[in-house]
Each structure stands twice: as structure tokens, then as C-alpha cells.
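Each reported figure results from applying straightforward, stated rules to the coordinates on display, with no laboratory input. What you see is a predicted model; the values in this text were computed from it and never measured. No Cβ is skipped: glycine too gets one built from the backbone with ideal geometry, and neighbour counts run over all protein chains shown.
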Amino acid sequence: MKRWIAGILVAVLVLVLITPAVLAKPDMDKPLPATDVELVKKITVHGKPGGGGGGKPATPAATGTVGANCTGTKYAIVVGISDYPGTLNDLQYCDDDARDMYDALTTLYGYSNSTGNIHLLLDMNASFTAIWDAINVTKSQAVAGDEVVFFFSGHGTSGKANDGDNEKVDEAILSHDGSSLVAVWDGQLRDWFAGFNTSRIIFIFDSCLAGGMTDLQAPGRIINMACSESGLSYEDDSWQNGQFTYFFVDQGMLAGKADKYDNIREVADVTIEEAFDYGKANCQVQKPTISDSFDDDLLL
């Protein structure tokens, strides 16, 4: 009997010692431990055809009805990583993708960097900490009625991470710490964007496995994803961009080719949904996806 009681006491003691560690919430502000991690590289190809047939998706996202325009301040975090630590994982056009997004925001849509409202993070400046800092600075500034764009072009990753979303397999965008690759997991991004005071947030992901970023869903948000949850994304010298960015931003927005509906604005009236529809209609091999929780169409 004494041995039986002693065994119970030991088991209880072990449970008391282990439980706090098991139940402890991970520190979302730091890289998270993960298992079964697989780097899913964006594919660089050469001589691929320059585009699709210019059709339209079977079920367009754009309705032709524009929701209320932004009446507040416009913020953006624009990330493009072609130069990863070392040379094995380098890409060619992700930094160009980010520059094109920056140009579209500043020349067409009234975003201004004069007061530091745009964080353009390229290559070795786009570290895990730099991305986290940019999001948190923006969170501290944005109020109701403001607008926020988060753009990422680079590699994607999958694995099993303790990121708070209870998924069996998680997806991530891939950053770095200056010397090693560092994943930012989907549940982690959800945590970073929790608590924003505005319901006008637009996400654009040009990376493999981008379709897994639906963890970020919330009222007023639009998530534009270059491919499915298990899909690959491509870049090519005929586009000088990632394929999705080329049609979504370069051709759809900057060249105005996505302008299906006359939204009557002097500078630019391509809505997010129109740009997505143009990208989806023209992308080859990869299949862009969208999660749209914004009432009507969103004009930046």
C-alpha cells in the first residue's frame, strides 16, 4: 500500500512539474520551434510564356460595387526577399515584386512614405525581427478608418509548429536572422495582426503554400494568395517578377489592365478584387486564391 501511495505522489509531482511547460503559451514574438519543416522554394524558370489569355475567372471576386473609400491614414509593410543568407536559397525577382508593390501604392493609391508610413523591407533588411517591428509599429499607429497593406514575396515553408492554431500542418513565410532561415508561421502572423484597430487590412502573399494564410481571416480583411495551400509559385525572367505579382501588380495595377469596371477616379481605380481576378485569369500552372471579408470591392 505504501509503495502504491508513493507511486501516486510521484506521478502527481511529475504532472505538476510538466503541466506548466506543456500549457505555457509560446512566445509569438520570437522564432517558434517546429518539426517536420520543409522549405518549399518558389520556382525560378526561364523562357516561360509571358502570360495567359486575358480571360476572367469562372467566379470573379470583383462585383463592380465599390465599398466606402479609406478616410484615414494609409500604412504598408512591403517585404521582398531574393537574397537569403548564403546562396543556396536565393531567388531573383522577389525584391522586384516588393518594389513594384511600393510603386503602385505610392504612385497610384495615395500611400506616402514621407512620414514613415511605409516599411519597405528588402533582402537582408527583411529579417524576422524587422518584419515583427514593422507590424508592431504600424499596429501602434493605425486607428479605426485607417488602411494597412501587408505584402510578402519570397519562399514558403511547411511544418508542425506550436503557433496556436491547432493545425496538423502549418504554413509559413520564410524570413531570416541574417545568417539562418527563420519561418514566420501562419498562426504567428495571426497573433501579430490581432488587436489592430482598423478593419481595412489587405494581405498579398506571393510564395509557395500561400493559400494556407487564411488564418488571417477577419471582418474587413482581404487575403490575396498566389497559389493553393499545397501549391507552388513561380518567377521568371520573361515577367521580371513572380508570376502572381506580375499580373496582380505590374500589369493589373500599374498598367491598368485589371480595370474592368469604371470606378471613376482620376488616378487609379483598379480595386483589389479586380487585380486578383486579372491575376487569377492569367497565371499559368499556379492557382491564386482569395479570402475576401470586405463588404463590396475595396479601392485602395
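Relative contact order for the chain using alpha-carbon pairs under 8 Å, separation at least 6, rounded to a whole percent? Don't jump to the answer; show the numbers that get you there.
Details: 673 pairs, mean separation 71.4, N = 300.
Result for the chain is 24 percent.
Over segment 66-181, one equal point on each Cα, no solvent: what is log10 I(q)/I(0) by the Debye formula at q = 0.15, 0.17, 0.21, 0.23 Å⁻¹?
-0.74, -0.91, -1.16, -1.26
Could you list which residues have their amide H under 5 Å from that of residue 203, counting only those 5 or more apart in sequence or on another chain, with H placed in the peptide plane?
Those qualifying (amide H under 5 Å, at least 5 residues apart or on another chain) are 150, 222, 223, 224.
Between residue 169 and residue 295, what is the FRET efficiency for a Förster distance of 25 Å, r being their Cβ-Cβ separation, to the nearest 0.05?
Efficiency computed from Cβ-Cβ geometry: 0.20.
Amide H of residue 183: which non-local residues (sequence gap of 5 or more, or other chain) have their own amide H closer than 5 Å, using H built in the peptide plane?
Residues meeting the amide H criterion: 175.
State the Cα centre-to-centre distance between segment 145-201 and segment 222-245 in whole Å.
17
Treat segment 116-184 as a sphere of radius equal to its Kirkwood radius over Cα pairs and apply Stokes-Einstein at 10 °C in a medium of 1.306 mPa s; give the translational diffusion coefficient in µm²/s, rounded to a whole number. Provide the component values of the computation, followed by the final result.
Working: Rh = 13.6 Å.
Value of D from the Cα-based Kirkwood radius: 117 µm²/s.
How much length, in nm to one decimal, is gained on full extension between residue 45 and residue 180, taken as 0.36 nm per residue of separation minus their Cα-Cα distance? Display every interim value, and only then the final one.
Values: separation 135, 0.36 × 135 = 48.60 nm, distance 2.50 nm.
Roughly 46.1 nm would be gained on extension.
Kindly write out, for segment 95-109 in residue order, the coupling ³J(HN,Hα) from the Karplus curve 6.51 cos²θ - 1.76 cosθ + 1.60 (θ = phi - 60°), rounded to whole Hz, with x marking Gly and Pro.
Per-residue couplings from phi come out as 5, 5, 4, 5, 5, 5, 5, 4, 4, 4, 5, 7, 9, 10, 10 Hz.
Quick check: residue separation of residue 90 and residue 35 times 0.36 nm, minus the Cα distance between them. What number comes out in nm?
17.5 nm
Among bridges DSSP assigns within the chain, what percent are antiparallel (round to 5)?
Values: 20 of 47 bridges.
Taking every DSSP beta bridge with both residues in the chain, the antiparallel ones total about 45 percent.
Most mobile of 248, 152, 193 per a Gaussian network model of the chain (Cα springs, under 10 Å)?
Evaluated over the chain, the most mobile residue of the options is 193.
Give, rounded to the nearest 20 debye, the magnitude of the charge dipole that segment 215-293 has about its Cα centre when Lys and Arg contribute +1 at Cβ and Asp and Glu contribute -1 at Cβ.
Details: 6 positive and 14 negative charges, 28 e Å.
So the magnitude is around 140 debye.
Can you give me the long-range amide H partners of residue 91? Hydrogens built in the peptide plane at 1.01 Å from N, cutoff under 5 Å, separation of 5 or more residues or another chain.
Excluding prolines and chain starts, which carry no amide H, the hits are 83, 84.
With the alpha-carbon atoms as the only input, what is the per residue convex hull volume for segment 193-272 in Å³? Please report the intermediate quantities before stating the final value.
Details: hull volume 9.1 nm³, N = 80.
Value for segment 193-272: 114 Å³ per residue.
Using only alpha carbons, build the gyration tensor for segment 159-300 and give me the equivalent ellipsoid semi-axes, biggest first, whole Å. The partial results should precede the final answer.
Numbers: eigenvalues 142, 76, 32 Å².
One finds semi-axes of 27, 19, 13 Å for segment 159-300.
Mind pulling the per residue volume of the convex hull built on the Cα atoms of segment 202-243? Å³ is fine.
Values: hull volume 2.1 nm³, N = 42.
Per-residue hull volume (Cα only) is 50 Å³.
With only Lys, Arg, Asp and Glu charged, each at its Cβ (+1 for the first two, -1 for the last two), find how big the charge dipole of the chain is about the Cα centre; round to the nearest 20 debye. Kindly include the intermediate steps, with their values, before the conclusion.
Numbers: 21 positive and 41 negative charges, 210 e Å.
Here the chain has a charge dipole of around 1000 debye.
If you build the convex hull over the alpha carbons only and average its shadow over all orientations, what do you get for the chain? Give it in nm² to one decimal. Present the calculation step by step, with values, prior to reporting the outcome.
Numbers: hull surface 73.6 nm².
Averaged projected hull area, Cα only: 18.4 nm².
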